[in-house]
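Heads up, the thing below is written out as C-alpha cells.
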Amino acid sequence: MNEDLRQPRLLTFYQVYLDRLDGSAFSSRVGDCYMAGTLQRLVGHSMCEIRRAAVLALGYLGDYESNSTLGAALLDKDRTVRTLAENGIRQVWTRAAGDKDRTQLDTIIRLNAARQFGEVVRMASDLIEHTPAFAEAWNQRAYAHHALGHYNQSVRDCHEALEINPYHFIAAVGMGRAYLELGNPVFALESFRRALQLNPDLEGVRVQANRLAKLVEGT
C-alpha cells in the first residue's frame, strides 16, 4: 500500500485518538500500518492534521532516529504540531540507548524528581561512563549539579548534552540558568537565545532573555 493511500487511515487513527485520548490504542494502530520513516516523511506534509498525527505517533513510537524530524517540527507554523513535537522529542531523548541504560535513566529521572541529587550524580556518572553518547544522562546530571550548587559542572554537562544532541533545548536552558548563577549574563543570554532558536515556544525563557538583553545590550 503506498503512502498516499495510508494517509486517510492515519487521520482516522488520529481522530479516534482525539475522541478517546487512548494513546496506547493509537500507537498500536499506527505501528501496525506505518514504519517510522514514513511517519517522519509525513511530518512534512502540507496538511496540518497529518503533521499532527505523524508527530504524535513519533512521540509514541519513534526512536532517536526521529530526533531531527521532531526538532524541525518545533518550528512548525502550527501551534499544535509544535506542542506535540515538544512532548514527543522529550520521549525520544530517553530512547537513545539500550534497554538497560534506559531503565537506569528512568531511575535517575525519578531520583531527580525526588530531590535525591547526590544519588543522581553518582548514578548518572556511572551511566555516562558506560554510555557516553547518551545526551539525556548528561542533562539529568546537569540538573542535579545545578540543584547542588555545582554550577560549573552543570554548565559542562549541559554543553556535553548539546554537543551530542544539538536539539536539546532543555540543556540550553539549563546552561543559561547556570551561567546566571555564575554571574555571567552574557553567556546566559547566548544560551537562552540558543534554546529559543530550537524551541520558540519557551515563553518563560523568552521573557528572561528579553530582560537580560536590556541589561547586557541596553535593548
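Readers should treat all values here as calculations from the given coordinates under stated rules, not as data from a laboratory. All values reported here derive from a predicted model rather than from experimental measurement. Positions of Cβ are generated from backbone atoms using ideal geometry, with glycine treated the same way; all protein chains shown enter the neighbour counts.
May I ask for the angle, rounded to the nearest 10°, between helix 79-93 and the longest principal axis of the chain, with both axes built from Cα atoms and the value confined to 0 to 90°? Helix 79-93 sits roughly 70 degrees off the main axis of the chain.
Shown in residue order for the stretch 45-61 are the 3J(HN,Hα) couplings computed by the Karplus curve 6.51 cos²θ - 1.76 cosθ + 1.60 at θ = phi - 60°: 5, 6, 7, 5, 5, 6, 4, 4, 4, 5, 5, 4, 5, 5, x, 7, 10 Hz (x for Gly and Pro).
Per-residue ellipticity at 222 nm for the chain, helices alone: DSSP H runs ≥ 4 residues times -39500 (n - 2.57), over residue total, nearest 500 deg cm²/dmol?
Working: 13 runs with 170 residues, N = 219.
That comes out to -24500 deg cm²/dmol.
With 23 Å as the cut-off, how large is the P(r) tail for the stretch 3-93, expressed as percent of Cα-Cα pairs? For the stretch 3-93, the fraction of Cα-Cα distances above 23 Å is 10 percent. Between the stretch 183-217 and the stretch 84-103, the C-alpha centres lie 26 angstrom from each other. Quick one: check the C-alpha center-to-center distance for the stretch 107-169 versus the stretch 60-79, whole angstrom. What the calculation gives is 23 Å, centre to centre. Here the Karplus curve 6.51 cos²θ - 1.76 cosθ + 1.60, taken at θ = phi - 60°, turns the phi angles of the stretch 197-203 into couplings of 5, 7, 9, x, 8, 7, 5 Hz, with x standing for Gly and Pro. Quick one: helix 3-20 against the long Cα principal axis of the chain, what's the angle to the nearest 10°, folded into 0 to 90? Approximately 70 degrees, to the nearest 10.
Work through the residues other than residue 99 whose Cβ is under 13 Å from its Cβ and net out their charges, Lys, Arg +1 and Asp, Glu -1.
Values: positive: 95, 100, 102; negative: 63, 101, 106.
Once all neighbours under 13 Å are counted, the net charge is 0.
When you restrict to C-alpha pairs under 8 Å that are six or more residues apart and normalise by the size of the chain, the relative contact order lands at 11 percent. Applying the Karplus relation 6.51 cos²θ - 1.76 cosθ + 1.60 with θ = phi - 60° to the stretch 177-194 yields 3J(HN,Hα) values of 5, 5, 4, 4, 5, 7, x, 10, x, 5, 5, 4, 4, 4, 5, 5, 5, 4 Hz, where x marks Gly and Pro. How far is helix 151-164 tilted, in degrees, relative to the longest principal axis of the Cα atoms in the chain, given as a value from 0 to 90 rounded to the nearest 10? So the inclination is approximately 30 degrees.
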